[in-house]
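Notes for the one structure printed next.
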Amino acid sequence: MAKLNLKSTNIRRNGFSLIEIVVALLILSTSILVIYNTILSSSTSIYKLEDHYLAKEIANNRIALIHTIEKTNRPIERNGINDMGGKSWHWEESIYNGISKEFLEYEIKVRQKDSNQYSYTIKGYLVNE
């Protein structure tokens, strides 16, 4: 009878083991989740920054109007709606007596029309003429 001579050293491994594949998939899925969360976070930050910028521009427009066309020499409160960047913005403007009779103090708050949270607020002084 012929003896089968099998040597364990001659057995070659082809491919990866199941454990190696599972570890590789775990590392891949973790890195994909991290990249996805980074992209999502960046997108949200960009939209918030855009809203902040538009609200700031609305406030700057109101400041320019206060200094020129809509100049006042007494305390007053005004509000209104402006459209900018494809969105409607609600602004509130308060002008009141400042630290001396020479100055009036103003505060402008801007928010999106359907929001309760202000996107931008600014305070400043006007010369009372």
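The values are calculated or read from the model by the stated rules, or taken from the named source; none is laboratory data. Keep in mind it's a predicted model, so treat the numbers as computed, not measured. Using ideal geometry, Cβ is built from the backbone for each residue, glycine included, and neighbour counts are taken over all protein chains shown.
Here is how the numbers come out for the structure above:
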item	result
Qualifying residues in the range 43-63 (those that are of a type in the set (Val, Ile, Thr) and surrounded by fewer than 13 Cβ atoms within 10 Å (Cβ to Cβ)) - the one modelled with the highest pLDDT	46
Every residue from the range 86-118 that is loosely packed, with under 12 Cβ neighbours inside 10 Å and of a type in the set (Lys, Arg)	101, 113
Selection within the range 76-93 - touching a residue at least 24 places away in the same chain (Cβ under 8 Å) and either over 17 Å from residue 66 (Cβ atoms) or not in a strand (DSSP E or B) (or both)	81, 84, 85, 87, 88
Of residues in the range 94-110 being in contact with a Leu (Cβ under 9 Å, 6 or more places away or on another chain) and in a strand (DSSP E or B), the one nearest to residue 53 (Cα to Cα)	110
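Yes or no, residue by residue, for (1) exposed (fewer than 10 other Cβ atoms within 10 Å of the Cβ); (2) at pLDDT 95 or above; (3) within 15 Å of residue 119 (Cβ to Cβ); (4) not polar (S, T, N, Q):
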{"residue": "2", "(1), (2), (3), (4)": "yes, no, no, yes"}
{"residue": "5", "(1), (2), (3), (4)": "yes, no, no, no"}
{"residue": "9", "(1), (2), (3), (4)": "yes, no, no, no"}
{"residue": "20", "(1), (2), (3), (4)": "no, no, no, yes"}
{"residue": "32", "(1), (2), (3), (4)": "no, yes, no, yes"}
{"residue": "65", "(1), (2), (3), (4)": "no, no, no, yes"}
{"residue": "68", "(1), (2), (3), (4)": "yes, no, no, no"}
{"residue": "72", "(1), (2), (3), (4)": "no, no, no, no"}
